[in-house]
Every structure is written in structure tokens, then in C-alpha cells.
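Okay, so here's the structure we're looking at.
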Amino acid sequence: GAGVSQSPSNKVTEKGKDVELRCDPISGHTALYWYRQRLGQGLEFLIYFQGNSAPDKSGLPSDRFSAERTGESVSTLTIQRTQQEDSAVYLCASSMTGVGYGYTFGSGTRLTVV
Amino acid sequence: QKEVEQDPGPLSVPEGAIVSLNCTYSNSAFQYFMWYRQYSRKGPELLMYTYSSGNKEDGRFTAQVDKSSKYISLFIRDSQPSDSATYLCAMKDGANSKLTFGKGITLSVRP
């Protein structure tokens, strides 16, 4: 596609439920990133996939968070047993590899835990 | 101390003003520097990307990097109401590394 596509755009869930967020990167982009943006805050790194290398999971805040990516295509971010502090916008970005390439972001999934 | 510090906002200027947005960083390994613009309820979009000290110009936008002082700036000339958005600085230490972002500053340009 022309850009990074994220779904759903909005999600309201009850505390304790699991949620799954989807990211469809730009075709040919080998790198894929998940970030979290809380209200009034900057972007907080969560996880990074680069080709077939082991993902960099150093930003995941707890073991309730996990992510998968199949090859160089779709990625899903799963949050188990959601808590109110998980409420945020979850942004996905993809990029080509190498110097000179910035990220292209999707519009995000706005998650509200009630 | 956070790795990347960005001037707090919000910032409000009249149309036509020159705007200066600034970030400092503590990690001397950072080599690649970017500025992103984020409109409300949208994802950030890349504005400028530099990887050397000095200035880079693109239309009304100039990105400045001073690696010796660990300081980067974005200048917007002849600011327009359409420039009203949140501006985020971002940087990384390697070509294939993850980006570390500043907190962002919200700019409002008054007609």
C-alpha cells in the first residue's frame, strides 16, 4: 500500500481483557517499529523488527506486552490483561534499511481501557 | 537525565514569525538527527533528516546540528497557520538503530 496502515483506529476495552493491534507496513520496508504515545508525552519505544534478526524487545514495559511479525509483512502487538495505564496511542512505523531513511508512521490505534 | 530533552511548550507565534525549536541530547553516540511534525490525531511525518554538523535547508525549514554542543534546532521561516502542529526531534546512533524521541513541542501560529 501507499502508507503504513494500522487497525483498529480506535479501541475501547474493559480492564483485564486482551487486545490485539495490527500494523501493515509499506511493502519492501524491512524494519518495523512499535511506539507508544501517552497523552502529552513523547514517543516511547516498545519493540523493533529488522528483517529476520531477533527483535529488539528492550522497550516492552511488562510481560503482558508481546509482538510478532511474519517475515517482512504484517505485525501484531498484543496486550494481555489490559490495565488503565495502558491507555495510549500505539504507533507503528516502517522504514528501509540504511543511512538516509526515516520512519513512515501509521495514524495509530487509540486504546482506551475502562 | 533523559537522553533527549526538548524545550517545553506550548509555543504561540503570529503568522510570518521565525520559529526556533531546540533539543539537547546526552548520548554522544547519536549520529543521525530528525525532525518530525505531528498533526492532531495523526502519526508523525518526517520533516528533516541530517547526519552531519551544520545546516540543512528545505524551503522554509532549516535544520541545524551542533554535535560538539549536543544541540539541534529546527528553524521555520515565514511561519503559517498550517505549521500549527507538534514538532518532535528524534535521533539514533546507527543507521539501523531505533529512534529516541524528544517529548515534542506544540506550536500554534496565529493568523
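Short-range pairs are left out: with C-alpha atoms under 8 Å and at least six residues apart, the relative contact order of chain B is 37 percent. With 11 Å as the cut-off, how large is the P(r) tail for segment B:1-43, expressed as percent of Cα-Cα pairs? Here the tail beyond 11 Å accounts for 78 percent of pairs.
The Rg/Rh ratio for segment B:19-85 is 0.98, where Rg is the radius of gyration of the alpha carbons and Rh is the Kirkwood radius. Extents of chain A, taken as max minus min of Cα coordinates on every principal axis and listed largest first, are 40, 26, 23 Å.
The antiparallel fraction among DSSP beta bridges confined to chain B stands at about 90%. In the protein assembly as shown, one over the average inverse separation of all distinct C-alpha pairs is 18.1 Å, which is the Kirkwood hydrodynamic radius. As a ratio to 2.2 N^0.38 Å, the alpha-carbon radius of gyration computed for segment A:38-83 takes the value 1.26.
Working from Cα pairs under 8 Å separated by at least six residues, relative contact order for segment A:1-101 is 36 percent. Coordinate range of the alpha-carbon atoms in segment B:65-110 per principal axis, descending: 38, 22, 16 Å.
All of the numbers you see were taken from the coordinates with simple rules; none came from a lab. Model, not experiment: these values are computed from the prediction.
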